[in-house]
Amino acid sequence: MNNRNSFLTFVTACIPGVGYMYHGLIKKGVQVLFLYMLIGPILYFIGLGFLSHLIKICIWFYTFFDTFAVSNKIKRGEYVPDSEFIFKNYVNTENSYSVTPTWNERINRQGWVILGSFLIILGILSILNQVFIDSDIYKYIRSYASQYFIPIIFIVIGVLILFRKKD
Amino acid sequence: MQNKRDDFDTIIINSFKDITVSDEYNKKLMQKLHKKQLPDSKRNNLIPSYALIAAGLLSIFLSITSLQVHITNFESRFFDKAVITEINQHSIINFIKQLGE
C-alpha cells in the first residue's frame with residue numbers, strides 16, 4: 001500500500017468508513033459506512049431514536065481517530081489487514097480457509113453471546129420505552145439520560161480504558 | 001596550536017570524572033526510543049478511549065449550548081427569507097404580466 005495524501009486522509013476520515021476505503025480497507029470501510037447509515041433508522045424504528053445520535057457520535061470519533069492510526073501504520077510500513085469492523089475479535093480463524101463459510105462457522109461462540117446479549121438489551125429497552133412512553137417522568141428521565149448521563153458514562157469508560165492502559 | 005592544557009581543558013576533562021552510567025541505562029534508553037511505538041494491544045486501547053471521551057464531551061457541549069436548536073433556527077430563518085423573496089418575485093412577475101395584458 002502506498003502512502004496517501006494527508007489532506008485527503010483528513011477529508012475522508014470525516015466521513016465514517018470512507019477513510020478506510022481510501023486506505024484500501026474496502027470491507028472494513030463498507031461495514032462502517034453501512035453501520036453508520038443504518039443505525040439511525042433502525043433505532044428510530046424500534047423507538048430508541050434518542051440513542052442514535054450518541055452512538056453515531058461514538059462511531060464517528062472512533063473511525064476518525066482509527067483512520068489516522070491506520071494511515072500512520074501504513075506510513076511506517078506495517079501491514080494493515082482488511083479485517084472485520086464489528087466481529088474483528090470474534091471471527092473463527094480455523095474456518096478462514098473454507099470456500100463459503102456460513103455465519104455460524106465464521107463467528108465464534110463469544111461473538112454470538114455478545115450479539116445475543118446486545119439484542120436482548122435492545123429488546124428490553126425498546127419494550128420499556130413502549131410501556132412508559134406516555135409517562136412524563138419517563139420522558140424527563142430519558143431526556144436527561146441522553147443529554148448528560150450517557151455522555152458522562154462515555155467519558156468515565158474512556159478514562160477507565162486510558163488508565164487500564166498504563167498498568 | 002595549543003600544546004599545554006589550560007584551565008578550560010581541565011574543566012572539560014574533570015567533568016567526565018563524576019559521571020557514573022547506571023546498569024539500567026540501555027534499558028531506559030530503549031524504553032525512551034520505543035515510547036512512541038506501543039504494542040498493538042495497548043495502541044488499540046487508545047482509540048476507543050479517545051473516541052468515547054470526545055463523544056461524551058461533544059454530546060454534553062451540544063446539549064449545554066443547544067447548538068442544534070441554533071442551527072435549526074438559522075436554517076428556518078434562511079428558508080423564511082427564501083420563501084418571502086420567491087413570493088415577492090412572483091408578485092412582481094404577475095404585476096408585469098398584468099401590465100402587459
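Nothing in this text is a laboratory measurement; each read-out follows from the coordinates by a stated rule. Just so it is clear, the model here is predicted, and its values are computed rather than measured. Ideal geometry is used to build each Cβ from the backbone, glycine not excepted, and the neighbour counts take in all protein chains shown.
Where does each of A:19-29, A:73-83 land if you order them by average Cβ count within 10 Å, highest first?
Packing proxy ranking, top to bottom: A:19-29, A:73-83.
Can you give the convex hull volume per residue for the Cα atoms of chain A, as a whole number of Å³?
Looking at chain A, the number lands at 158 Å³ per residue.
For segment B:73-101 and segment A:121-155, write down the distance between their C-alpha centroids in whole Å.
Between the Cα centres of segment B:73-101 and segment A:121-155 lies a distance of 45 Å.
How shielded is A:57-69 by partner chains, expressed as the average number of their Cβ atoms within 10 Å of its Cβ atoms?
Taking the mean over all residues of the peptide, I get 5.
Out of all Cα-Cα pairs in segment A:1-86, roughly what percent, to the nearest whole number, are more than 15 Å apart?
Value for segment A:1-86 (Cα pairs over 15 Å): 57 percent.
In chain A, which helices (entire DSSP H runs) extend 20 Å or more along their own long axis, judged by Cα positions, while averaging at least -0.5 on the Kyte-Doolittle scale?
A:26-45, A:52-76, A:109-131, A:150-166
About the Cα centre, and with charges only on the beta carbon of Lys, Arg (+1) and Asp, Glu (-1), how big is the dipole of segment A:1-86? Nearest 20 debye, please.
The dipole of segment A:1-86 has a size of about 180 debye.
Taking 0.36 nm per intervening residue step and subtracting the Cα-Cα distance, what contour gain separates A:F132 from A:F34 on full extension?
32.2 nm
If I stretch the segment between B:N73 and B:E101 completely, what's the gain in nm (0.36 nm per residue apart, minus their alpha carbon distance), one decimal?
Extending this stretch completely gives an extra 5.9 nm.
Can you compute the helix-only [θ] at 222 nm over chain A? Use -39500 (n - 2.57) per DSSP H run of at least 4 residues, normalise by all residues, nearest 500 deg cm²/dmol.
Calculated mean residue ellipticity at 222 nm is -21500 deg cm²/dmol.
Here is the link list: A:K27/A:K139; A:K28/A:K75; A:K139/B:K81. Which ones come out longer than 29 Å on Cα distance?
Where the Cα-Cα span goes over 29 Å, the pairs concerned are A:K27/A:K139; A:K139/B:K81.
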